[in-house]
Amino acid sequence: MEAGCDEAGRGCYAGPVFAAAVILPRDFYHPLLNDSKLMTPGERAELKPFIKEHAIAYAVAMVDNDEIDKINILRASFKAMHLALDKLRKRPGFLLIDGNRFTPYKKLRHTCIIKGDGQFASIAAASVLAKTHRDMYMKNLHRKFPHYNWKSNKGYGTPEHRQAIEQYGLCPYHRKSFAIDPTQPELFAQLVED
């Protein structure tokens, strides 16, 4: 059995990184399934329960912004994938990882596939679960910090989010290691240009 793994929220200024691991049956099919970034919120919402109902096993995990600041976002992404794999009800025999790098998980063989979420159903399903779970988490955080408009931008560095950081500063859910503090003008200016 193969498990597909993907993460969501790696490039965000705020909030946790989420990851999912999904084992699908060989005959799994849904016409909308694709890389979650290419799907509409409505399509992702439709697919989320379908994936959960039809998957052999699935799990979602997260690593919060404090841990991201301690170990860096790449390691945090891998850790979130490992935590999701830990939670699977069935043990896969092989891992399909979206991206070009991965820290080996236990003794399981794996392969990394760049843009794998557009090629393998299990990775695409993992991308949908990671994205929908993270989006819901950020919408809930929005209630505490509405001035950043996380219900819309989900913590990504949109112009609106950057302006709110300039106006209100950073909150406890921002990733301090991402050099987004406008009081560090040279770093902030560079990030805005990028």
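The values are calculated or read from the model by the stated rules, or taken from the named source; none is laboratory data. Model, not experiment: these values are computed from the prediction. With ideal geometry, Cβ positions are generated from the backbone for all residues, glycine too; neighbour counts draw on all protein chains shown. Just so you know, the surface numbers come from the protein's heavy atoms only, side chains and all, with ligands and any DNA or RNA stripped out. Shrake-Rupley method; radii C 1.70, N 1.55, O 1.52, S 1.80 Å.
So the values come out like this:
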{"quantity": "Nearest-ten-degree value, helix 41-54 long axis tilted from longest Cα axis of the chain", "calculated": "40 degrees"}
{"quantity": "Ratio of Rg to Rh over the chain (Cα coordinates, Kirkwood Rh, two decimals)", "calculated": "0.99"}
{"quantity": "Helix axis angle, 121-142 relative to the chain longest principal axis, alpha carbon, degrees", "calculated": "30 degrees"}
{"quantity": "Accessible surface, per residue, of the range 1-111 when the full set of protein chains is kept, probe 1.4 Å, Å²", "calculated": "50 Å²"}
{"quantity": "Per-residue ³J(HN,Hα) for the range 96-109, Karplus 6.51 cos²θ - 1.76 cosθ + 1.60, θ = phi - 60°, Hz, x for Gly and Pro", "calculated": "10, 10, 6, x, 10, 9, 6, 8, x, 9, 6, 10, 7, 6"}
{"quantity": "Which of Ala121, Leu74, Val22, positive extreme of dipole for the chain (C-beta unit charges)", "calculated": "Val22"}
{"quantity": "Rel. contact order, % - alpha carbon contacts under 8 angstrom, at least six apart, the chain", "calculated": "30 percent"}
{"quantity": "Share of carbon and sulfur in the accessible heavy-atom surface of the range 6-57 [1.4 Å probe, %]", "calculated": "52 percent"}
{"quantity": "Fraction of accessible area attributable to carbon and sulfur, the range 63-194 (%, probe 1.4 Å)", "calculated": "51 percent"}
{"quantity": "Accessible area, probe 1.4 Å, largest first, for residues Thr111, Thr132", "calculated": "Thr111, Thr132"}
{"quantity": "Cα Rg, Dmax (largest Cα-Cα span) when computed across the range 1-84, Å", "calculated": "13.8, 41"}
{"quantity": "Dipole in debye (nearest 20) - the chain, about Cα centre, beta carbon charges: Lys, Arg +1; Asp, Glu -1", "calculated": "740 debye"}
{"quantity": "Angle in degrees between helix 159-168 and the longest Cα principal axis of the chain, rounded to the nearest 10", "calculated": "50 degrees"}
